[in-house]
Amino acid sequence: MMIKKNKLTSPLFREDADRKSVERKLRFLEKIRKHPTFSFAIFALVLVLMQVLSKAGLVSSSFVTAIGTTVIFCIVALGFCLLLGYSALASLGTAGFIGIGAYSAYYCLVEWDLSIGIAFIVAILAAFVIGIIVGYISLRIEGIYLAIVTLGVAQIIKEVLSAICDTIKIKGSQLTLFGVETMKLKTDHVFYILIAILFVLMVITQNLMNSPTGRAMLAMKNSTSAAQAFGISLLRYRLLAFIISIIYASVAGLLYMMYVRYVSNSSSTLFTLSTSLNILGAVIIGGTKSIWGTIGGTFIIYGIDKMFLQDIDFFRENPTLITLFCGILVVVVVMFYPGGLAQLVMELKYKLTKLSKKIREARYGKDLG
């Protein structure tokens, strides 16, 4: 029976409409809260807040600088996560690929006097070409042999770049936005650019993982024969995996030059095997198929030392202890948690949920719990 709207029933209709409006808003807010992009945005805002607090003198500038350099390596690790975690392609050439972006930034901004946008395009195009070359190599070589080949490629890149110019440096006056001299990019401005690019790449990586491309890469990782039987092209997805990974590394190298602005091959370890191994360790520790795990692993490898331990005299006098700790952590993770810290967090979350359910059942009864 339909109730007609009149003076007596109109308040009831208004109350029902208000209740439904509130419910719709709550459902919308809940949907936003559960969306992965929301957590990425919160993470980016927290990092931006660190820079704001540094400007106010509440956080040390060295702490924020450590966050900035760690964010750069997070970008590298995201690409490596797709390469190793989703395509099962081992690579030790990450350091050389970072060098492509760093030298692209130097030559575009310093030697050729081009804009930052052109430098990004050059770095991406150079990474695209190298990615195609290494991707074709991966069709004939797999496993440890592929890692050795990529290590050789990285060493070749490093030696060629060193022969061209051993020390590269960018001055602050050479970093202008849209070619306008009055819009020179200071270090704090570059920090905001780092956070924005990290956020965008996190969203892109998440969408790639959940897309048919990500599922095809996982199928290729589980069994190349089965993937081919289902019509998945190994050539296409291996090329794509290497291209994406190298583009991420190249963009990170360019951002490194914009942020740190100085690299000397004779004294820096940026383009050496240690960088490639550190990125590999960060992805393994965090979880090869988890964005948050990769970010967390990178902060463990690169962030803890520079953000906290360098201010402690004991760790400053014994800098190798953090390397020892990271090595032990890699061994423990590989032995007991192959999925990385992401797997550990998921197991703890499941156990806490199960324990909470038991407590509610014990207190209110099974039906109400």
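Here, each number is a calculation from the coordinates, and none is a lab measurement. Quantities reported herein were computed from a predicted structural model and do not represent experimental measurements. No Cβ is skipped: glycine too gets one built from the backbone with ideal geometry, and neighbour counts run over all protein chains shown.
Note on Arg238, Arg140: ascending count of other Cβ atoms within 10 Å places them as Arg140, Arg238, the fewest first. Only Cα pairs under 8 Å and 6+ residues apart enter the sum, and on that basis the relative contact order of region 117-259 stands at 47 percent.
Residue exposure proxy: Ile301, Ile195, ordered by other Cβ atoms within 10 angstrom of their Cβ from fewest to most, comes out as Ile195, Ile301. Descending by average beta-carbon neighbour count within 10 Å, the peptides 314-320, 131-137, 50-56 line up as 131-137, 50-56, 314-320, the highest first.
Taking 0.36 nm per residue of separation and subtracting the Cα-Cα distance, full extension of the segment from Glu142 to Lys171 would add 6.2 nm. Here the gap between Tyr350 and Leu49, fully extended at 0.36 nm per residue and compared with their Cα-Cα distance, gives a gain of 105.2 nm. From the cross-link list Lys221/Lys289; Lys55/Lys306; Lys55/Lys186; Lys221/Lys349; Lys34/Lys55; Lys34/Lys289, which pairs have alpha carbons spaced over 21 Å apart? Where the Cα-Cα span goes over 21 Å, the pairs concerned are Lys221/Lys349; Lys34/Lys55.
As a proxy for reagent exposure, Trp112, Trp292 were ordered by neighbouring Cβ count within 10 angstrom, fewest first; the result is Trp112, Trp292. Between the labelled values (i) 2.05; (ii) 1.19; (iii) 1.09, the entry that holds Cα Rg over 2.2 N^0.38 Å as derived from this structure is (ii).
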